[in-house]
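Student: Input: one structure, supplied below.
Rule-based calculations on the coordinates, nothing more; no lab input. It should be emphasised that the depicted structure is a prediction, and the values quoted were computed from it without experimental measurement. Note that each Cβ is placed from the backbone with ideal geometry, even for glycine, and that neighbours are counted across all protein chains shown.
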Amino acid sequence: MTDRLIRGWGWVGVHRFLVGWAVAMLGLVAFSGGIAFGAARETAPSPALRPGPVETVARVQSTAVEAVVIGRRPNGWVVRTRTDELLIVRTSDATTYRLKNKPADANAVRRGAKVLILGRPAPREGVMIARVIAVRGQIRNPVAPPEAIGLPR
């Protein structure tokens, strides 16, 4: 038995280039087959579980949020975050505004403005209380007003 094992390893030693390619090809086939098998077993979500036209509200966990203003409210704004979620931003008299790194007033914030909001999350989901709002620019195509997507004024 050991003689056959020694002869087998001797053959591998002589044909190591061929054996190396064979092992690489077998590994590639096994890896590709595993990916294809995993992709074939993935199931799509049922139509009943797909979200409809209902907008999602942002779950604010940080104190800084970058967003685009889509509408004005009596005590703040409605913004859309980078993750395409809606966020209601409440302001007060103590809220400071910045436009191009210079002090500004609330009129600097308009629909379609890119803003950076510093504040704290409110106890209610989807609401943030702003301390500082910095206007960083304007998007090219302004987003639809809140009435167009079913939000109250």
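Student: Can you list, largest first and rounded to whole Å, the semi-axes you get for segment 2-41 by taking the square root of 5 times each eigenvalue of its Cα gyration tensor?
Tutor: 32, 11, 4
Student: Take the alpha carbon gyration tensor of segment 64-144, find the square roots of its eigenvalues, order them as a ≥ b ≥ c, and report rounded if a/c is under 1.5; if not, report prolate when a/b exceeds b/c, else oblate.
Tutor: oblate
Student: Same structure, new question: For T2 and Q138 in the same chain, what is the full-extension length gain: residue separation times 0.36 nm, less their Cα-Cα distance, in nm?
Tutor: Between T2 and Q138, full extension yields 41.2 nm more.
Student: Which Cα, out of M128, I70, A108, lies furthest along the positive dipole direction of segment 64-144 (beta carbon charges, K/R +1, D/E -1)?
Tutor: Of the candidates, A108 comes out farthest on the positive side.
Student: At a Förster radius of 22 Å, what calculated FRET efficiency corresponds to the Cβ-Cβ distance of A106 and T83, to the nearest 0.05?
Tutor: Rounded to the nearest 0.05, the efficiency is 0.30.
Student: Could you compute the FRET efficiency for K114 and W21, with r as their C-beta to C-beta distance and R0 at 41 Å, rounded to 0.05? Could the numbers behind the result be given before it?
Tutor: Working: r = 54 Å, r/R0 = 1.32.
With R0 = 41 Å, the Cβ-Cβ based efficiency is 0.15.
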